[in-house]
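What follows is a set of notes on a single structure, which appears directly below.
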Amino acid sequence: MIFSPTPIPGAFIVDLERKSDDRGFFARAFCAAEFEAHALNPAVAQCNASYNHRRGTLRGLHYETTGATKFIRCLRGAVYDVIVDMRPDSPTFLEHFGIELSDDNRRALFVPPMCGHGYQALTDGAEVAYHVSEPYAPDRECGLRYNDPALAIRWPLPISVISDKDRSWSLIEDAPRQES
């Protein structure tokens, strides 16, 4: 596995280190020891799958005050994945980072605790897998409005589908902060 830091501290792009031959390739897609070697939480308490019928579908931006981490990979199609740093003591507080994840580039993104996460499907039929370090806790779920002017995220496509919940998250000035 090849870990590349992003501009958001603690967030990493994780590429496969392929061993190729006439059959194709083999690669390690997850390894707890390699995560620990990069000071990343390797815990997986829950695995989730998300399927998106239409290109332009937007999901997020979500985070939990429990401090859950996420490891995201697009298994089919392509998505534009975005994280927003919600840690008040971070040098990149309220900054965001976006990257394309696809079945072609096979990249993954490690999202540290207290970072908002969301993505936009770039293709019809985009499918995403999430490994999450803690079970979902609805009472600790928070979100950021996808079009908040304070974040100025430039989504690559017009929004074709979005849930009522994701459309109505608070603006950044009203977003919950990490518990002490």
So what is Rg over Rh here for the stretch 48-140, counting just Cα atoms and using Kirkwood for Rh?
0.97
Here the stretch 127-138 yields Karplus 3J(HN,Hα) values (6.51, -1.76, 1.60; θ = phi - 60°; whole Hz; Gly and Pro given as x) of 10, 10, 10, 10, 10, 10, 6, 9, x, 4, 10, x
Arranged from highest to lowest average of other beta-carbon atoms within 10 Å per residue, in what order do the peptides 91-104, 54-67, 25-38 appear?
54-67, 91-104, 25-38
At 37 °C and a viscosity of 0.692 mPa s, what translational diffusion coefficient does Stokes-Einstein give for the chain, taking Rh as the Kirkwood radius over Cα pairs? Give it in µm²/s as a whole number.
197
Could you sort 82-90, 112-120 so that the peptide with the highest average Cβ count within 10 Å comes first and the rest follow in order?
112-120, 82-90
For a quick check: with amide H placed at 1.01 Å from N, whose amide H comes under 5 Å from residue 147's, ignoring anything fewer than 5 positions away on the same chain?
none
Apply the Karplus parameterisation 6.51 cos²θ - 1.76 cosθ + 1.60, with θ equal to phi minus 60°, to every residue of the stretch 75-90 and state each ³J(HN,Hα) to the nearest whole Hz, in sequence, with x for glycine and proline.
8, 8, x, 8, 9, 9, 9, 10, 10, 10, 6, 10, 8, x, 8, 7
If you count, for each residue, the other Cβ atoms within 10 Å and average over each peptide, how do 6-15, 147-156 line up from highest to lowest?
6-15, 147-156
Any chance you could check the Cα centroid distance between the stretch 53-91 and the stretch 1-47 for me, in angstrom?
17
Note down the relative contact order for the chain as a percent, whole number, built from C-alpha pairs under 8 angstrom at least six residues apart.
29
Compactness of the stretch 28-89, expressed as Rg and Dmax over alpha-carbon positions, Å:
14.0, 38
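Coordinate-derived values only; no laboratory data. Fair warning: this is a prediction, and the values are worked out from it, not measured in the lab. Don't worry about glycine lacking a Cβ; one is built from the backbone with ideal geometry, like all the others, and counts go over all protein chains shown.
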